[in-house]
Each structure stands twice: as structure tokens, then as C-alpha cells.
Amino acid sequence: MKRVLATLSILLAMGAHAHDRFAAVEVKTEKASDSVYMLVGAGGNIGVSAGEDGVLMVDDQFEPLAPKIKEAINALSDKNIRFLVNTHYHGDHTGGNAWFAKTEGTTIFAHDNVRVRLQNGDNEAAALPVVTYEQGVKFHFNGDTIHVIHTPSSHTDGDSFVWFETQNIIHAGDLLFNYMFPYIDLNGGGTVPGFITSIEAMIDAANDTTKIIPGHGKMASKADLQNYLAMLKETAAAVKAMKDAGKSLEEAVSTGLDSKWESWSWNFINEEKWISTLYNGQ
């Protein structure tokens, strides 16, 4: 009995810590177009289409933030959150799934592999996408055609980006860490070549006035995507050349990248981690 009570107290403490972690987080709204908004809190940036047909969300951050996210959306629309698109399976983009499904009756959409990975991660049934797709899906919603486009083997094996065609907005999910080295989840089916191909696909969908909601970072443009692609290709080529020359991963890390990419290093993916990803993911 004492062991059960001790375990229970640990679990309760862990839960309290998780909620305390988000207590001071403020969910901020940035207008991208007439009907599309970016919500920034903790975790992946959220996209919102709000209009006569209701609300469509792209990603939903962490479960403890769901009430704050709902409050921010209430300031944009008094209609229900009808649809939620998960760009991939990571918890900082899907943590609120069950809350929105149960509280709002929201229908969750995602690539087939997102459902599989969430299911394998012991998530409750309400957190799982109800509608899944292999290649993509279109929503005809709020006067727009919203394309959800799967990009294979990129950040993970279940990524999609979302193109609001009429509003000329792209939600990139974690295919874009704006002016930061990206996280490519090699254990989750991601690859460096697939990641590069995904960025090229987004560039093809964009024009000079397209606004791009990144998974992390500030609102971006096509020019930002092109700079991002240049970084990806140049750093990948540099690491490949070292690997082809017989250098070990440790030697590649010691050699490092061109100093012009120094500012792209950040606390989660620094230069060493990015070189390791490039070395192992090509």
C-alpha cells in the first residue's frame, strides 16, 4: 500500500510540474491574411482559418495549453473548431488532440503514419486522427481551397504542409525551423534528402507574396525558404564530402561548418547535432 501511495504521489507531482511548466505561457495571435492567423505559445506554431464555415486548426501544441488556445481562437470566431490537421506526430504539435476532440467535437486529420505513431505511443483513443490519408486531402472551407500535402520521409515519415490557396498562406509544420538548423527525426522516418525535396515542393507552391507559418520561429516568406534551402544543400554537401573522404563523424564535427552558418545554431539543434544529422541521415 505504501508503494502504491508513493507511486501515486510521484505521478501527481509529475502532472503538477507539467502544468506549472505552461502556467506563464501566453498564446499570442498574429494575423497572416483576411481569415488565416498564426498562434504562438509553447511548441509548434498553430495555424487557424476562421470564417463563415467555422474554424480549422493546424496543430495544437501541448494539452495544458488547450484552454488558452481555445480562448485565443474565441477572439477570432464564435464558431466551433470543426477540423484539426496534424502536420506530424510530435507531441508539441499534437498534445491537445484529445482535449479538442472531447471538448469541441473536433475531427482530426493526419497522414496514415501519424495515426500509427500516436497509437504506438500509448495515446488515448480521442487523440488519434479520425480521418487519415496517403497522399493528401483538400478542404473547401471559408471561401478557400486548403491543400494538405504529404511529403514523404522528410522531418518524419508522416509530414504534411498545408497550403491555403486563396489566402496565399503555407503552414510548413516542422519542415521549417525559420533561420534555425532543423530537427530531422531519423528514428521517426525522416531523411535529409526527403527533407530537402519537401522544401523544394513548398517553394514551388509559393510566390513572392506568400506568407509561411513555420513550425518554429517567426513568420516567413518565399525568400526565407530559399535561404533555408541554400543552407540545407550547402551544409549537406559539406558533410557528405567529409564522409566520402573517409572522415569519421567525430572528425566531421571537429572540422565543423562554414562560419556563415553559425547563427543558425540554437539550444536544441546546435552545429554538432546538425552535422550528426547530416552525417547519418543522407
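The values are calculated or read from the model by the stated rules, or taken from the named source; none is laboratory data. Because the structure is a prediction, the values reported are computed rather than measured. Heads up, the Cβs are rebuilt from the backbone with ideal geometry, glycines too, and the neighbour counts pull from every protein chain shown. The accessibility values were calculated without ligands, DNA or RNA, using every heavy atom of the protein model including side chains. Shrake-Rupley method; radii C 1.70, N 1.55, O 1.52, S 1.80 Å.
Side notes on the structure shown:
- Largest mean-square fluctuation among Ala23, Ala66, Ala125, in a Gaussian network model of the chain whose springs join Cα atoms under 10 Å apart, belongs to Ala23.
- If you wrap the Cα atoms of region 41-88 in a convex hull and average its projected area over all directions, you get 3.2 nm².
- Annotation: Met202 carries an accessible surface of approximately 0 Å², with a 1.4 Å probe and no ligand, DNA or RNA atoms counted.
- Candidates Phe22, Met180, Leu257 compared by Cα position along the dipole of the chain: farthest toward the positive end lies Phe22, with charges placed on Cβ.
- Computed over region 187-266: relative contact order in percent, which uses C-alpha pairs under 8 Å that are six or more apart: 21
- Shape call, the chain: gyration tensor on alpha carbons, a/c limit 1.5: oblate
- By accessible area with a 1.4 Å probe, ligands and nucleic acids excluded, highest first: order of Arg82, Arg21: Arg21, Arg82
- Residue-count net charge about Asn97 - beta-carbon cut-off 13 Å; Lys, Arg +1, Asp, Glu -1: -3
- Accessible surface of the chain, 1.4 Å probe: 51 percent of it comes from carbon and sulfur atoms.
- Low-density loop cleavage sites - GluC sites (Glu not before Pro) in region 101-141, where at most 15 other Cβ are within 10 Å (DSSP): Glu124, Glu134
- Using the Karplus relation 6.51 cos²θ - 1.76 cosθ + 1.60 with θ = phi - 60°, the per-residue 3J(HN,Hα) values for region 169-176 come to 10, 10, 9, 8, x, 8, 6, 10 Hz, with x marking Gly and Pro.
- Here Ser263 sits with roughly 100 square angstrom of accessible surface, probe radius 1.4 Å.
- Computed helical MRE - 222 nm, the chain, DSSP H runs ≥ 4 contributing -39500 (n - 2.57), nearest 500: -11500 deg cm²/dmol
- Solvent-accessible area per residue in the chain equals 46 Å², computed with a 1.4 angstrom probe and all protein chains kept.
- Shape category assigned to region 27-136 from the gyration tensor of Cα positions, a/c cut at 1.5: prolate
- Computed extension length for Val25-Asn74: 15.9 nm, one decimal, from 0.36 nm per residue of separation with the Cα-Cα distance subtracted.
- Using C-alpha pairs under 8 Å with a sequence gap of at least 6, the mean separation divided by the residue count of the chain gives a relative contact order of 13 percent.
- Note on exposure: Thr132, Thr151 ranked by accessible area (1.4 Å probe, complete protein assembly) read Thr132, Thr151, with the most exposed listed first.
- For Lys79, neighbours were defined as the other residues whose beta-carbon sits under 13 Å from its Cβ, and their charges (Lys and Arg +1, Asp and Glu -1) total -2.
- Spatially proximal lysines relative to Lys79 (Cα-Cα < 17 Å; intrachain offsets below 8 disregarded): Lys68, Lys70, Lys102
- Sites Glu134 and Leu229, calculated FRET efficiency, Cβ-Cβ separation with R0 35 Å, nearest 0.05: 0.85
- Trypsin sites (Lys or Arg not before Pro) lying in DSSP loop within region 207-259, provided at most 14 other Cβ fall within 10 Å: Lys218
- Aspartates and glutamates whose Cα lies under 17 Å from that of Lys28, excluding same-chain neighbours fewer than 8 positions away: Asp59, Asp60, Glu63, Glu71, Asp92
- Summed side-chain charge close to Met231 - residues other than Met231 whose Cβ falls under 13 Å, Lys, Arg +1, Asp, Glu -1: -3
- Look at the alpha carbon pairs under 8 Å that are at least 6 residues apart: their mean separation over the length of region 81-235 gives a relative contact order of 18 percent.
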